[in-house]
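Accompanying notes for the structure given below.
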Amino acid sequence: MTKFEIRGLRADVLIGEDERQEILKGVDLTVNSGETHAIMGPNGSGKSTLAYAIAGHPRYEITEGEVLIDGENVLDMEVDERARAGVFLAMQYPVEVPGVSMSNFLRSSVTAVRGEAPKLRQFSKELQGAMKNLSIDSGFAARGVNEGFSGGEKKRHEILQLELLKPKVAILDETDSGLDVDALKIVSEGINRSKETHQMGTMLITHYTRILNHVKPDFVHVFAGGRIAESGGPDLADTLESEGYERFVKAGA
Amino acid sequence: MTSPSTEPKAHSHGLGEIPFSKLATHGSFDVNDFPVPNGREEEWRFTPLRRLKGLHDFKGEADGVDRLDVDAPEGVTVEKVGRDDERLRTAGLPADRVTAQAHSAFEEATVLTVAKGTALERPVTIERQAQGGTRFDQYLIELEPMAEAVVVLKQTGTGVRAGNLDLHVGEGARLTLVSVQDWEQDAVDVTQHNAQVEKDGTFKSIVVTLGGDLVRLSPKVAYKDRGANAELHGLYFTGDGQHHEHRSLIDHNLSSTRSRVEYKGALSGKDAHAVWIGDVIIGEGTSGTDSYELNRNLQLTDDTRVDSVPNLEIFTGEVEGAGHASASGRLDDIHLFYLRSRGIPEEEARRLVIRGYFLELINRIPIEELRDEIMGKVEQKLASHE
């Protein structure tokens, strides 16, 4: 049982040498093991900033608040320590790292997170199985990390990493964007497997309700103006679907 | 945000400055045709003359000794020849005083010939260990028509060395040269490669410069007929106080010739200095030239210095392709963030990214053991700078 708490989180985006802008203006949210929280909101509301700030992206700086995993402050940890503590960020725009093969990267990553190197044969079998589940051609293992991948291929590989690293909490930043119906289904199944097999707590950041038909949320939050503007059950998503975000955009402005 | 910071960027060229013409670069076999450089000359302005240990104004005695081991498969003739051998004056002129000094002063040259139509079944390996002192050298590698060979020159040890390596690639022949400068810390090496490529011949060179106090390597390519092709690749890892200078000159003096130049380096540590000069000339009246050159530098610490100068001179309107790119920068923090966000500790993430940066280049070496050996040396150097 893991408790992931975001308390009074404020963060700036660093624009230039001396330029910064506050994006997060006091975010509070608690995610327990097995729970799925959909974070929905208009573009520019700060949803992605929330994800990146928690992961420790260098372009963002947290100015106030804390993020705790089972009482331990994630913000005191290095970026890689956060991952090893069980926090995972599936990125909206996964980074291309030329020359580093996917298989080498995944093995390094799994070794770091699990604390020991998996046996080569065993790992290769595990990787092949996980790739097959996500309909990823085995040829991708030899390619550079995200190098020349299409948007959909990158998203599948984010979920591949999710399934291999088995985090306690996953923040999925618009994992559904740019996916066609089939890919969305495949990716959603991957998320659901992680939820079932190890009771992953999930923050599902999305602009659209489409993915919520495949990954059922327990809670839905509306994110606007850098904070959670309203929270509710799954039916809040239906209201947003029919009414849009207009009400919150106005309220935020 | 996802592009590495050393990715070449498009840029415009001002019209205000008229570049120094490489066509004015003269050559001679005779050292006395070159004045003693003072460091302000275009071809010497990046080189710290005092660290040449007298090579640019040589007065002493060439007392250096090299141990040379040549391992050549069947089909290769290895000869030691005297100064009067005519073949030593066919591959092009030394372009500066130091390489002319070497040509004026060498006593015996090593000549490797691969017989017509012979495709070597394994690479030729030349292990050269410098055992101190100053020494001038002349080498010639000759591929007769339709021959195919990979030649690996591994250079270790210490001393002050200057020389010319002439490469003659016959009609339809294919030569791959891998030259590894793995000198000890105090070595000085000033070398010119003179490649001449005949009709439909292909010359590939892969230069790996890791060691030495000062290495100045000038690969020069000239074409003897149409369809000739040259690819120059280079990798350098320049550490504390080291000076690594690579100056390529490709002279597209004839129509329908091709060239690629790709040099990538990493620098780490106080006063590490890398210089890359990439000269490409596309001659008057030629057509169908296809050329591209690129230099990238990864500055791993702030106290390093890079001078990167691509220089294209085009004297014809009939060009198929002519491009150049140069970029220097630090490790991309977004690359590191991505790897670290998957739990990989910072040091290992850095190692992975740097390894990745060099991988494509190293993979051009056609011998697996040598690829591993060089990647191992790069990692060793990397580790010693962390």
Cα-based Rg and Dmax for the stretch B:331-386, in Å, come out at 12.4, 35
So the FRET efficiency between A:N133 and A:N213, C-beta based with R0 = 25 Å and rounded to 0.05, is 0.80
Rounded to one decimal in nm, the spacing of the 7 Å Cα→Cβ label points at B:D302 and A:K119 is 4.9 nm
Output for the stretch B:311-383: chymotrypsin sites (Phe, Trp or Tyr not before Pro) sitting in coil per DSSP, at most 15 other Cβ within 10 Å, listed by number, reads B:F315
Rounded to the nearest 0.05, FRET efficiency between A:E147 and B:D186 (Cβ-Cβ, R0 41 Å) equals 0.55
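For the stretch B:331-386, with only Lys/Arg (+1) and Asp/Glu (-1) charged at the beta-carbon, what is the dipole magnitude about the Cα centre, in debye rounded to 20?
Using Cβ point charges on Lys, Arg, Asp and Glu, the stretch B:331-386 gives about 80 debye.
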Output field shielding_mean for A:87-98 (other chain Cβ, 10 Å radius) holds 5
Out of B:T176, B:T118, B:L331 - ranked by how far each Cα lies towards the positive end of the dipole of chain B, with unit charges on the beta-carbon of charged residues - the top one is B:L331
Between the alpha carbon centres of the stretch A:42-104 and the stretch B:183-213 the gap in Å comes to 45 Å
Measuring from the longest principal axis of the C-alpha atoms of chain A, the long axis of helix A:151-165 (C-alpha) lies at a number of degrees, nearest 10, equal to 80 degrees
Simple spin-label estimate for B:K116/A:D18, 7 Å along Cα→Cβ, in nm, reads 7.6 nm
Rounded to the nearest 500, the 222 nm mean residue ellipticity computed for chain B from DSSP H runs (n ≥ 4, each -39500 (n - 2.57)) alone is -4000 deg cm²/dmol
Distance in nm between B:D71 and A:K3 label points, each 7 Å along Cα→Cβ, equals 6.6 nm
Cα-Cα longer than 27 Å, checked against B:K59/B:K270; B:K80/B:K264; A:K132/A:K154, kept in input order, equals B:K59/B:K270; B:K80/B:K264
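As a test of the formula, what do you get for chain A when each DSSP H run with n ≥ 4 contributes -39,500 (n - 2.57) and the sum is divided by the residue count, at 222 nm and rounded to the nearest 500 deg cm²/dmol?
-11000 deg cm²/dmol
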Cα-Cα pairs in the protein assembly as shown separated by more than 42 Å, as a whole percent of all pairs, come to 38 percent
Counting only DSSP beta bridges fully inside the stretch A:100-253, the antiparallel percentage to nearest 5 is 55 percent
The FRET efficiency for A:D235 and A:N73, from their Cβ-Cβ distance with R0 = 35 Å and rounded to 0.05, is 0.55
Normalised Cα Rg of chain A, dividing by 2.2 N^0.38 Å with N its residue count, works out at 0.99
Once normalised by the length of chain A, the mean sequence separation of its alpha carbon contacts under 8 Å that are 6 or more apart gives a contact order in percent of 27 percent
Stretched fully, the stretch from B:T90 through B:Q380 gains (0.36 nm per residue minus C-alpha distance, one decimal, in nm) 100.4 nm
Taking the reciprocal of mean 1/r across every pair of different Cα atoms in the stretch B:95-146, the Kirkwood radius in Å is 13.4 Å
Per the charge dipole of the protein assembly as shown (beta-carbon charges, Lys/Arg positive, Asp/Glu negative, Cα centre), the residue among A:S177, B:V98, A:L236 reaching farthest to the positive end is A:L236
Projected onto their principal axes, the Cα atoms of the stretch B:245-386 stretch, largest extent first, over whole-Å spans of 57, 34, 26
Per residue of A:108-114, other chain Cβ atoms within 10 Å number on average 5
Over all directions, the stretch B:22-330 yields a Cα convex hull whose mean projected area in nm² is 14.5 nm²
Expected unfolding gain across B:E360-B:V78 under the 0.36 nm per residue rule, minus the alpha-carbon gap, is 98.3 nm
Computed over the Cα atoms of the stretch B:110-248, the Rg and Dmax in Å are 15.0, 46
Over its alpha-carbon atoms, the stretch B:41-93 yields an Rg and a Dmax in Å of 16.9, 46
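All of the numbers you see were taken from the coordinates with simple rules; none came from a lab. Everything numeric here is computed off the predicted structure, so don't read it as measured data. Heads up, the Cβs are rebuilt from the backbone with ideal geometry, glycines too, and the neighbour counts pull from every protein chain shown.
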